[in-house]
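Below is one structure, written out as structure tokens; the observations come after it.
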Amino acid sequence: MEKADIDRAIKKSVIQALAAKHQYYIPTAVSNRHIHLSQDVMEILFGRGYVLRKLKLLSQPDQYACEEKVTLVGTKGSIKGIRVLGPVRPETQVEITVTDSFVLGIPPVVRMSGDVKGTPGCRLAGPKGEYDLSYGVIVSRRHLHASSEQAAWFGLKNGDVISVRKAGVRPVVLEDVVIRAGGSHDLELHIDTDEANAAVIKNGDLLELIK
């Protein structure tokens with residue numbers, strides 16, 4: 001087991017022990033802009049039969065960052081170096097920040113991951129081709145991943161909505177945090193870089209959970 005894995009395991013044990021005393025804290029992960037590709041779109045961008053190359057594992061089970069990057073092209077501008085996350089998905093989904101939406105000229109639509117119908121699109125550019133995505137560009141709604149067991153530490157279940165409080169030099173309460181609980185999740189609050197920068201939050205920070 002690597003040191004980072006040991007540190008996470010220790011932190012979760014402490015969080016569980018505190019929850020038993022009705023003191024609720026959750027670890028934070030700051031999510032940068034990224035893209036999930038469907039098989040057909042991936043092959044258009046990178047070539048027929050292409051297989052994503054795994055760069056590193058992510059904290060959520062079976063998720064990983066890939067070596068591949070693409071360019072997003074909007075009506076006003078473009079952003080290069082958008083990291084691809086694996087594995088491939090049934091539908092292509094782009095996750096950006098509100099700041100990115102201004103750069104691209106794309107309306108910022110806040111949605112949960114996977115809820116992409118009726119959202120804006122953009123052009124995707126890869127080393128082998130380009131693809132006009134008709135929908136699938138979202139600003140991710142803040143959410144808390146947790147296994148069913150971890151959610152139970154806080155008396156929560158999938159679909160519940162909570163708030164979290166961050167203390168310090170720029171204290172803030174983040175509301176409307178959706179619980180995503182189940183076997184494919186591990187305890188971690190996901191916010192984007194806009195939200196993190198505004199409140200001086202960094203990866204691994206513990207925030208207070210408010211039920």
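About the Cα centre, and with charges only on the beta carbon of Lys, Arg (+1) and Asp, Glu (-1), how big is the dipole of the chain? Nearest 20 debye, please.
Values: 28 positive and 25 negative charges, 55 e Å.
Charge dipole, the chain, about its Cα centre: 260 debye, nearest 20.
Using the scaling law 2.2 N^0.38 Å as the reference, what is the normalised Cα Rg of the chain? Could the numbers behind the result be given before it?
On the way: Rg = 17.9 Å, N = 211, 2.2 N^0.38 = 16.8 Å.
Ratio of Rg to 2.2 N^0.38 Å for the chain: 1.06.
Determine Rg/Rh for region 85-149; Rg is computed over alpha-carbon atoms and Rh is the Kirkwood hydrodynamic estimate from the same atoms.
Numbers: Rg = 13.2 Å, Rh = 13.0 Å.
So for region 85-149, dividing Rg by the Kirkwood Rh gives 1.01.
For LEU55 and ALA17 in the same chain, what is the full-extension length gain: residue separation times 0.36 nm, less their Cα-Cα distance, in nm? Spell out each step's value before the answer.
On the way: separation 38, 0.36 × 38 = 13.68 nm, distance 3.38 nm.
Result for the pair: 10.3 nm of gain on full extension.
Quick one: compute the contact order of region 49-165, relative version, from alpha carbon pairs under 8 angstrom and 6+ residues apart, as a percent.
Details: 189 pairs, mean separation 23.2, N = 117.
Across region 49-165, relative contact order equals 20 percent.
Skip the ligands, DNA and RNA, and give the accessible area per residue of the chain with a 1.4 Å probe, whole Å². Working shown, then result.
Details: 10890 Å² over 211 residues.
In whole numbers, the chain has 52 Å² accessible per residue.
Report, largest value first, the span of the C-alpha coordinates of region 26-102 along each principal axis, in whole Å.
38, 35, 20
Using packing as a proxy for protection, rank 17-24, 179-186 so that the peptide with the highest average count of other Cβ atoms within 10 Å comes first.
So the peptides 17-24, 179-186, ranked by packing, come out 179-186, 17-24.
Quick check on packing: order 54-63, 153-162 by the mean number of other C-beta atoms within 10 Å, highest mean leading. Before the final figure, lay out the partial values.
Details: 54-63: 13.1, 153-162: 15.7.
Output ranking for 54-63, 153-162: 153-162, 54-63.
Could you please state how large a percent of the accessible area of the chain is carbon and sulfur, counting protein chains only and using a 1.4 Å probe?
Details: 5740 of 10890 Å².
The computed percentage sits at 53.
Using 1/(1 + (r/R0)^6) with R0 = 30 angstrom and r between the beta carbons of VAL169 and ASP5, what's the FRET efficiency to the nearest 0.05?
Numbers: r = 30 Å, r/R0 = 1.01.
For R0 = 30 Å, the calculated efficiency reads 0.50.
Mind pulling up the Rg/Rh value for region 116-211? Radius of gyration and Kirkwood radius, both on Cα. Display every interim value, and only then the final one.
On the way: Rg = 16.5 Å, Rh = 15.3 Å.
For region 116-211, the value is 1.08.
Rg and Dmax of region 8-67, Cα atoms, in Å?
17.8, 55
Ranked highest first by average number of other Cβ atoms within 10 Å, how do 165-174, 136-145 line up?
Values: 165-174: 13.0, 136-145: 22.1.
Ranking the peptides 165-174, 136-145 by packing returns 136-145, 165-174.
Which whole-Hz ³J(HN,Hα) couplings does region 145-162 yield from phi under the Karplus relation 6.51 cos²θ - 1.76 cosθ + 1.60, θ = phi - 60°, glycine and proline marked x?
After applying 6.51 cos²θ - 1.76 cosθ + 1.60, I find 7, 6, 5, 4, 5, 5, 4, 5, 4, 9, x, 10, 9, 4, x, 5, 10, 10 Hz.
Cα centroids of region 177-199 and region 157-173: how far apart, whole angstrom?
10 Å
Would you pull out the residues with amide H under 5 Å of LEU187's amide H, same chain only if 5 or more places away, H placed 1.01 Å from N?
Correct list: SER147.
For SER113 and SER134, what does the FRET efficiency come to when R0 = 25 Å and r is the distance between their Cβ atoms, rounded to the nearest 0.05? All intermediate terms of the calculation are to be shown ahead of the outcome.
Numbers: r = 18 Å, r/R0 = 0.73.
Result of the calculation: an efficiency of 0.85.
Sequence-distant or interchain residues sharing an amide H contact under 5 Å with GLU91, placed H: which?
Under 5 Å from the amide H of GLU91 lies no amide H from a residue far enough along the sequence or on another chain.
Among VAL98, GLY118, LEU57, whose Cα projects farthest towards the positive end of the dipole of region 41-148, with charges put on the beta-carbon of Lys, Arg (+1) and Asp, Glu (-1)?
Positive-end residue among those listed: LEU57.
The values are calculated or read from the model by the stated rules, or taken from the named source; none is laboratory data. This one's a predicted model, so the numbers in the text were calculated from it and none came from an experiment. Don't worry about glycine lacking a Cβ; one is built from the backbone with ideal geometry, like all the others, and counts go over all protein chains shown. Quick note on the areas: whole protein, heavy atoms, side chains included, nothing else; ligands and nucleic acids left out. Shrake-Rupley method; radii C 1.70, N 1.55, O 1.52, S 1.80 Å.
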